[in-house]
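Undergrad: Sharing a structure here in C-alpha cells format.
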Amino acid sequence: MNYLSEKHKQLSQSQQSGLMAWFGQLSMDKKAVVIGLSLTVGLTSAAMAWQGTTSDRIYFCIKTPLKTLVCQDLNNRPFRMTPYYWEQWQLDGMPPQIVRDPAMGVNGLVRASNPNKPFFATGAFLGFALAGWMLRHCQDEERQRAVFEDIAEKRDAAISEMAARSELLDSYRDVAIKEVELQADLDLIANDRTVDIQKAEIYAHTEIEVTQMEASDAIFEAQTAGMTEQQKAEYIKHLRDTKTPYLQGSQTLQGTIDPNDKVTGEKDKRAITGDETAPQKPEATNQKQPTDTTSPTLEPLNRILAAKRSTLIVGGTGAGKSVTESYMLTKFFQRFPDANVWAIAQKNDSFCGLDKKGRVLLFDPLSPQAALKAIDEVYNLYDQRRRVSEHRRHEFDNQPVRLILADWHSIYETCKDDQWFSPYLKKISTIITVGRELNVCLLIDTQSFNLAALGLGDSNIRKNLYIIAQGNFSVEEDGTVNDSYGVLLNLIINAKIVDDAEVRAVLKARYNQLKPQSKQLGQPLIFISVDPMQLDILPDIRHYKPGQQPKVKLSGYTPEQLSTILSLEFDIDQPQQSPSEIVQLTQLQQRILNYLSGKGYKAVDDIRGALKRNGYSTEQIREALAHLVQLEVVTIDDQGRYGAIEQ
C-alpha cells in the first residue's frame, strides 16, 4: 500500500495486528485453508457446547392426598432444580409433600454430563470471530484491488473507443464523398426526367382539351338535331342566361330543408295542448307551489344571487338573458367587489366593467383556442383550492370565482368536433359538479336547456345546476317579431326539469295566466328551478345593461313612486337610502332583520326559535322573509338559509 505520509504509515501499522500482518502475506489458497481451519474449530466447539448439561440436577415430585406422586407439570416437564437451590429451599422450609423422584438418577440426583460446556462455547466464539476477522481482511484487500482493476478497465475502454472513433471518422469521410458524388448524378438524371414529364403533361393536357371540345360539339349537335339556325341561336342564348343555383359557403342541402332548430307556432301549440293536465293538488306535493301574485317581482333572481352553484340561463332570442345577466352581475359585484370573474363571449359586452379589467375574451371562430384560455384560468384556481384541506375551505366563502360562458351553444357547435376541445368540456363538467364547495362556479347563457347538446354531459349534471328560463314578446323597429315563450314553456313541462307532474300542471296554468300580462307589459316571464320553483314576471331592469333604457310610462306611477324617481335622479349629493329606510317594515320584518344582522346565514327554524316568545308562526316568518328578499335586504344561499345583506 502507498502511504500518503510517514504519519499515515505509522497509524496504519499501529492499528494492524501481527496475526493479520502474517495472514496478509499468505497466498489466496493458504488464506482459504486458515479460514477453513478456524471455522472447523468454531463448528466443533459449538457442537460440543450444545450437548449435555453443565450442572447437577435434583428431580422431585409432589405427594398428593391420595398418596400418588406428581412429577411433571401440565406441559409434561419434570420438576427439577440445582442442588444449591434445593438446599436453600430446605433451609427456608420445604413442604413435607415434596419428595425426591426415585425414578431419576440416585435418589433423584442426576450428575452433570458436560461440565466443560463453557470452555467449548468460548472456543466456538474464538473460532468464528477469527474466521470473520480474516474474511473481513480479505474483503478489504479485494476492495482495494477492485479500484485498480476498474481504473485499468476504463483506461482500456477509452483507448478502444478512441480507436473506434478514428475508424468511424475515416468511414464517414469516405461515405460523405460517395454521397456527394451520387447526389450530383441523381440531380442530373432528375432534371432530365422532369423535362420529359413536363413535355408529356403538356401533350396530354392538350389532347384532353381537344377531345373535350370534340365531345362538347358532338353533344351540342345531338341536342340541336333538327333545329333551324335561328332555333339554335335562341337555345344558345337561353343556356348563357341560365344560372346554376349553387349552395353558398358552409350551407348544406339538409340545412336548407331541416326545420328542427326553429321554435314554431305549431311546436308551441303542441306543447300547450299536451297531456300534462294533471289537476292541481298543492297539499299532495313536497314542492312549494308558485305564488298567486301577478305583479312583477325580482324575488326569483334575488333568491339565487349569492348562491354557490353554477347557473344556466335559458331563453330564445329577445328573451332578455343578457339584461338578467347584467342585473345579477351588478348585485354580485356590489356584494363581492373583489370577486375573480372571467367571461367568454361572442360580442364585446362590458359585463359590468369586466372588459376594462381585460377579463372578457372574445371568441373568434377562426382562432377559438385563444378565448378558451379563460377556462384554463378558472380551472387553475379551482385546482389550487381543491388541494386545500377541508378545515380551511371556509376561507373561500367571501372569495368567489366565476366564469361566464355567453352564447355557449354557438361556441360549442363551432368547436365540438375538434379533439383539443374535449379537455375543456371535462374541466367545465368538473367545475359544475365539484366547484360548489370551493365557491368556483359557472354562469352559462344559452338558447337550449339540452345539456347533451351543450356538451355539458348527461341529464345527471342538471341536478348540480340552477336553471333560469325566460320568455318574452317584442317587436323590433323594423317590424321583426321576437316570440321566445316557446323555449320557456317546453322547459317547465319537461319531466326532467320539473319531475313532479302536479307542479308541472300548476306551472303550466300559471304560465297561461301570466303570458297575456307579460305581453302587455313587454316584460319577460322568468322561471327558476330552485325549490320552491317559481314563475313570475320580471320588472323592467334594462337600465342595468349599458346601452338599454327602460320605457317609462309616467301614467302608471303613483305620486310616491314619482317622488322617489325624482329624488334618485336629481338628489345626487344625498346619501343613498337602503330599502329598509325607504319602505316601512313591519314589526316582524324589523325583528328578523335585526336578528340576521352580523350572524351569517340562518335557517327558518333557527329564526323561529329566536322569535318563539313573540308567538309568530312559521308561515308568518316565511312571508316576512319573502318580503325582505324582494326588498333586497335579505338574500338566500343554495341551502335555503337566509342572511342579511350588509349595507
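Read-outs throughout are calculated quantities, based only on the coordinates presented, and are distinct from any laboratory measurement. Everything quoted here is computed from the prediction, not taken from an experiment. As a convention, Cβ positions derive from the backbone with ideal geometry for all residues, glycine included, and neighbour counts pool all protein chains shown.
Undergrad: Could you order the peptides 139-150, 505-516 from most to least packed, using the average number of other C-beta atoms within 10 Å per residue?
TA: Values: 139-150: 10.2, 505-516: 18.2.
Answer by packing, highest mean first, reads 505-516, 139-150.
Undergrad: Sorted from largest to smallest, which semi-axis lengths in Å does the alpha carbon gyration tensor of segment 99-232 give for its equivalent ellipsoid, taking the root of 5 times each eigenvalue?
TA: 111, 39, 7
Undergrad: Sticking with this one: Can you work out the FRET efficiency for the pair Phe79 and Gln51, with r the C-beta to C-beta distance and R0 = 30 Å, to the nearest 0.05? Walk me through the numbers on the way to the answer.
TA: Working: r = 23 Å, r/R0 = 0.78.
Computed FRET efficiency for Phe79 and Gln51: 0.80.
Undergrad: Quick one: if you stick a label point 7 Å off each Cα along the C-beta vector at Tyr172 and Val604, how many nm between them?
TA: Taking the two extended label points, one gets 8.5 nm.
Undergrad: Turning to a different aspect of this structure: Arg335 label point, 7 Å along Cα→Cβ, cut-off 20 Å on backbone N: hits in segment 599-620?
TA: 599-607
Undergrad: I need the chymotrypsin sites (Phe, Trp or Tyr not before Pro) found in segment 53-88, filtered to DSSP loop residues with at most 13 other beta carbons within 10 Å of theirs.
TA: Values: sites: Tyr59, Phe60, Phe79, Tyr84, Tyr85, Trp86; in loops: Phe79.
Qualifying residues, ordered by number: none.
Undergrad: Tell me the trypsin sites (Lys or Arg not before Pro) within segment 327-429 that lie in a loop according to DSSP and have at most 12 other beta-carbon atoms within 10 Å. Don't jump to the answer; show the numbers that get you there.
TA: Values: sites: Lys331, Arg335, Lys347, Lys356, Lys357, Arg359, Lys373, Arg385, Arg386, Arg387, Arg392, Arg393, Arg402, Lys416, Lys426, Lys427; in loops: Lys347, Arg359, Arg387, Lys416.
Passing both the DSSP loop test and the Cβ count: Lys347, Arg387.
Undergrad: Give the calculated FRET efficiency between Ala222 and Gln384 to the nearest 0.05, with a Förster radius of 56 Å applied to their Cβ-Cβ distance. Present the calculation step by step, with values, prior to reporting the outcome.
TA: Working: r = 78 Å, r/R0 = 1.38.
Step by step, r from the Cβ atoms, then E = 0.10.
Undergrad: In nm, what is the difference between 0.36 nm times the number of residues separating Ile208 and Arg145 and their Cα-Cα distance?
TA: Values: separation 63, 0.36 × 63 = 22.68 nm, distance 8.65 nm.
My answer for the length gained is 14.0 nm.
Undergrad: Work out the count of Lys pairs in segment 333-435 where the Cα-Cα distance is under 19 Å, with the pair 8 or more places apart or on different chains.
TA: Lysine pairs satisfying the spacing and distance rule in segment 333-435 number 10.
Undergrad: Now for a separate question. At R0 = 56 Å, how high is the FRET efficiency between Ser12 and Asp185 if r is their beta carbon distance? Nearest 0.05 is fine.
TA: On the way: r = 73 Å, r/R0 = 1.31.
Between Ser12 and Asp185 the formula returns 0.15.
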